[in-house]
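The values are calculated or read from the model by the stated rules, or taken from the named source; none is laboratory data. Computed from a predicted model, the values in this text were never measured in an experiment. Neighbour counts run over all protein chains shown; Cβ positions are idealised from the backbone, glycine included. Please note that ligands, DNA and RNA were not included when accessible areas were found on the heavy atoms of the full protein model with its side chains. Shrake-Rupley method; radii C 1.70, N 1.55, O 1.52, S 1.80 Å.
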Amino acid sequence: MGMASKQLLVLLPCLALLFVAAAAAAGAAPLSTYIVHLAPDHPALSLSPARGGRNALLAPLLGLPRHLSAPRPRLVYTYARAATGVAARLTEAQAAHVAAQPGVLAVHRDEARQLHTTHTPEFLRLSSAAGLLPAASGAVSDVVVGVLDTGIYPLNRGSFKPAGDGLGPPPSSFSGGCVSAAAFNASAYCNSKLVGAKFFYKGYEAGLGHPINENLESKSPLDTEGHGTHTASTAAGSPVDGAGFYNYARGRAVGMAPTARIAAYKICWKSGCYDSDILAAFDEAVGDGVNVISLSVGSSGYASAFYEDSIAIGAFGAVKKGIVVSASAGNSGPGEYTASNIAPWILTVAASSIDREFPADAILGDGSVYGGVSLYAGDPLNSTKLPVVYAADCGSRLCGRGELDKDKVAGKIVLCERGGNARVAKGAAVQEAGGIGMILANTEESGEELIADSHLIPATMVGQKFGDKIRQYVTTDPSPTATIVFHGTVIGKSPSAPRVAAFSSRGPNYRAAEILKPDVTAPGVNILAAWTGEASPTDLEIDPRRVPFNIISGTSMSCPHVSGLAALLRQAHPDWSPAAVKSALMTTAYNLDNSGEIIKDLATGSQSTPFVRGAGHVDPNSALNPGLVYDADTADYIGFLCALGYTPSQIAVFTRDGSVADCSKKPARSGDLNYPAFAAVFSSYKDSVTYHRVVSNVGGDPKAVYEAKVESPAGVDAKVTPAKLVFDEEHRSLAYEITLAVAGNPVIVDGKYSFGSVTWSDGVHNVTSPIAVTWPESAGAASM
């Protein structure tokens, strides 16, 4: 049970007395509909709206005393699958009393909601009435988003069909198309929405040492994994009403740029994504004329040097042609220096949560209730609590397949620990050993990060703190029992959102310490989008299910959100460079969650930092009109490589013209790249660094005046010169410098990093850049 629910249970008995007194004074109180979540053995679950006498029985079954039994409560629904409980017409006083009764898990007033999407557009405040979406509408269909992934599954998928009256022919600037293969009929599958579908496999086959086994995967653009279908529909899928994963997250599914075109480039296969294939796809996409490239692929270890990184190289070539490249930061968190795709010309995206949860409580025999999450869609557990055992006492704390003792597991709920194998596979291992259900507990590595999975048996995931408490109960109680209660889909402010996922890879930048990475964070936890018909929702062979939509998590999911937003910005501002698009998204990002506090890090439960969330969470409507932008082109990036100390032969990988890069005018340091963030690395406690920046006025007032406000990092004196920028018709771009110096007697909280920001404001726009400082003890990352 969440904190809000616990507080409700504490407060409502007191409130009930006030409501009763008010009702007595004002006459009968009105009835409203409330959703009452109940433990599975609650007697009210025996009621059915179809059975007579149900209303007369409801009040006593809910524990209402005689003085609160009028007006008579009325049963609306009984929930037994996606949720366990009832919907009932109650007065406010009755609801308050019911909430305090045993077996009542939570009480929520039923609210009228509008038809909504997979919810991330709403969470991002994208609306057809105002902001970025209408500003980019009308001609947004001229933008093509190239998705480099596992291909696409267009069969009977509304996400890849033109909506409404259609989109008309592809833009003349796009010269790509669809490639037919045995399993992919281009003429039948492609249209004015899906304008490109190609596949790249030669590097993969070379790595295999033999041709692709087409009994196992499709040698075509067809997606047999699901990942590419999910990312493509997230970025630019057409609206689909009635979407959902079984009964979870039901509503309208729609991509960020719903009228943009999609071109799919299949680069990933069962055993991975080969650099040669990736680079070939980049090359093809640039030649085809896409406007945005979305790439949810990257390294799983430390990032390679840029000149050895095919993604960095391919992205450089794309950016040179004016293409925005958005890429995932990776899922190797929460360790430091784990971010991938960290070249400054790439828009690097971290992953965070939204305000939608799929709660499933673990209820123990001692009455304790511990909140978790689940997408289990089968029959719920019966009302009787079952014996529960700790997997470590049954052969495998990680619940490895074939490693659990059937004699100890049969007929029981098993407490498994996260890590080592797939989360859903743990439940399958429990099932094979005869177990009935699973409680999956996080360890310290994942902290309080909760990922909802479509489990094959009744199961829930809990955070580390709850997991520790459940483990203590199971290992010390002589006869431990438990059950699991599923609550369906809940949207609200508890827990707070966004929160950065523990799996989301982090900085500092392993290859360029003075370039802050990741750049931004975006929705990437429990995201609903289209799915392939060729694979199960869990991607496990033991799972026979097939679904049109699936809910999954990862920076792979956050990346296409930003790719779609970049497509909208590109259409709204066709003259902006890729760097300007990135700048707009970074400098307008927000850093407070919906409770008004700094965005949390799910790995620690504490405030996140710019090395975790980047410049903040994307705010697309603000990005439409950022006021100022930090622009850069490939010449600036070459200067950056020179400042890193790259040799002419290494830089030639990017220039590709056979000439020797001229590094004679290189900037003093790599951090002098005109980037919308600052990351200083102090070499001593007497250090001082100065960075130079140029900002361009893209706001509506050509004579705008901006003043700087600096929040100095702990232990640092930060000074901006000049502190005021006065623009006019002739001076649309102005320079400033910021000096970061060690304060007299610095006090550093954690001894490693400190953070601040600089904000330029004209009273209308707030253009904010984060400042990160690495202190000498932790300054040791590679520079090349």
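Laid out as a table, the results:
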{"read-out": "Test: residue in region 370-377 that is part of a helix (DSSP H, G or I), in contact (Cβ under 8 Å) with a residue 60 or more places away in the chain and hydrophobic (A, V, I, L, M, F, W, C)", "value": "no"}
{"read-out": "Every residue from region 441-465 that is open to solvent by less than 10 Å² (accessible area, probe 1.4 Å) and in contact with a Lys or Arg (Cβ under 6 Å, 6 or more places away or on another chain)", "value": "N442"}
{"read-out": "Single residue of A535, A497, A522 found to be assigned to a strand (DSSP E or B) and among the aliphatic types (A, V, I, L, M)", "value": "A522"}
{"read-out": "Cβ-Cβ under 9 Å pairs, at least 6 apart or on other chains, region 381-397 side charged (D, E, K, R), far side in a loop (DSSP other than H, G, I, E, B) and crowded, with 19+ Cβ neighbours inside 10 Å", "value": "K385/P40"}
{"read-out": "In region 665-700, residue farthest from the chain's Cα centre (by Cα) [restricted to those that are of a type in the set (D, E, K, R) and crowded, with 18+ Cβ neighbours inside 10 Å]", "value": "K666"}
{"read-out": "Any chance V286 is in the same structural domain as P211 (by the TED database), touching a strand residue (DSSP E or B) at 6+ places or on another chain (Cβ under 7 Å) and more than 20 Å from K517 (Cβ to Cβ)", "value": "no"}
{"read-out": "Candidates A362, A377, filtered to the one that is closer than 24 Å to T538 by Cβ and surrounded by 22 or more Cβ atoms within 10 Å (Cβ to Cβ)", "value": "A362"}
{"read-out": "From P626, P610, P667, P676, residue being touching a residue at least 40 places away in the same chain (Cβ under 8 Å) and in contact with a His (Cβ under 9 Å, 6 or more places away or on another chain)", "value": "P626"}
{"read-out": "Subset of region 149-171 [under 13 Å from A530 (Cα atoms), touching a strand residue (DSSP E or B) at 6+ places or on another chain (Cβ under 8 Å) and among the hydrophobic types (A, V, I, L, M, F, W, C)]", "value": "I152, F160"}
{"read-out": "Top-ranked residue of region 288-309 - restricted to ones that are hydroxyl-bearing (S, T, Y) and part of a loop (DSSP other than H, G, I, E, B), ranked as surrounded by the fewest Cβ atoms within 10 Å (Cβ to Cβ)", "value": "S300"}
{"read-out": "Qualifying residue in region 575-587 (condition: farther than 29 Å from G244 by Cα, assigned to a loop (DSSP other than H, G, I, E, B), in the same structural domain as S296 (by the TED database) and not small (G, A, S))", "value": "yes"}
{"read-out": "Some residue of region 488-501 being among the polar types (S, T, N, Q) and modelled with pLDDT of 95 or more", "value": "no"}
{"read-out": "Among (1) open to solvent by less than 10 Å² (accessible area, probe 1.4 Å); (2) under 29 Å from A679 (Cβ atoms); (3) part of a helix (DSSP H, G or I); (4) of a type outside the set (V, I, T), the one test that A327 misses", "value": "(3)"}
{"read-out": "Hits in region 384-428 (condition: of a type in the set (S, T, N, Q) and farther than 20 Å from T538 by Cα)", "value": "T384, S396"}
{"read-out": "Scan of region 198-218 for residues that are within 21 Å of R546 (Cβ to Cβ) and either touching a residue at least 12 places away in the same chain (Cβ under 8 Å) or basic (K, R) (or both), ordered by number", "value": "E214, L216, E217, S218"}
{"read-out": "Filtered residue count, region 239-258, keeping only those that are farther than 14 Å from G158 by Cβ and open to solvent by 10 Å² or more (accessible area, probe 1.4 Å)", "value": "3"}
{"read-out": "Failed item, numbered, when E336 is tested on (1) modelled with pLDDT under 90; (2) acidic (D, E); (3) surrounded by fewer than 24 Cβ atoms within 10 Å (Cβ to Cβ)", "value": "(1)"}
{"read-out": "Yes/no for D662 being surrounded by fewer than 18 Cβ atoms within 10 Å (Cβ to Cβ), free of Cβ contacts under 8 Å to residues at least 60 places away in the same chain and within 26 Å of Y706 (Cβ to Cβ)", "value": "no"}
{"read-out": "Per-region count, region 210-232, residues closer than 17 Å to L295 by Cα and open to solvent by 10 Å² or more (accessible area, probe 1.4 Å)", "value": "2"}
{"read-out": "G207 vs. criteria open to solvent by less than 40 Å² (accessible area, probe 1.4 Å) and modelled with pLDDT of 70 or more", "value": "no"}
{"read-out": "Region 250-270 residues that are outside the structural domain of L194 (by the TED database), paired with ones that are open to solvent by 10 Å² or more (accessible area, probe 1.4 Å) and not aliphatic (A, V, I, L, M) (beta carbon under 9 Å, 6 or more apart)", "value": "none"}
{"read-out": "Scope region 190-206; condition of a type outside the set (A, V, I, L, M) and farther than 23 Å from S172 by Cα; matching residues", "value": "F200, Y201, K202, G203, Y204, E205"}
{"read-out": "Any hit, region 173-184, residues being out of contact with any helix residue (DSSP H, G or I) (no Cβ under 9 Å at 6 or more places or on another chain) and over 25 Å from L540 (Cβ atoms)", "value": "yes"}
{"read-out": "Residues satisfying the stated conditions in region 622-646, i.e. under 15 Å from I346 (Cβ atoms) and among the polar types (S, T, N, Q)", "value": "T634"}
{"read-out": "Filtered residues of region 702-748 (kept if part of a loop (DSSP other than H, G, I, E, B), in contact (Cβ under 8 Å) with a residue 24 or more places away in the chain and either open to solvent by less than 80 Å² (accessible area, probe 1.4 Å) or among the β-branched types (V, I, T) (or both))", "value": "P702, A704, S712, P713, A714, G715, F727, D728, A743, P746, V747, I748"}
{"read-out": "Test: residue in region 466-481 that is under 29 Å from G335 (Cβ atoms), crowded, with 24+ Cβ neighbours inside 10 Å and under 17 Å from the mean Cα position of the chain (by Cα)", "value": "no"}
{"read-out": "Total residues in region 452-509, condition closer than 12 Å to G372 by Cβ and aliphatic (A, V, I, L, M)", "value": "8"}
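Table: residues versus (1) buried (at least 23 other Cβ atoms within 10 Å of the Cβ); (2) in contact (Cβ under 8 Å) with a residue 60 or more places away in the chain; (3) farther than 19 Å from P239 by Cα; (4) acidic (D, E).
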| residue | (1), (2), (3), (4) |
| --- | --- |
| S496 | no, yes, yes, no |
| S504 | yes, yes, yes, no |
| P523 | yes, yes, no, no |
| A529 | yes, yes, no, no |
| P544 | no, no, yes, no |
| P548 | no, yes, no, no |
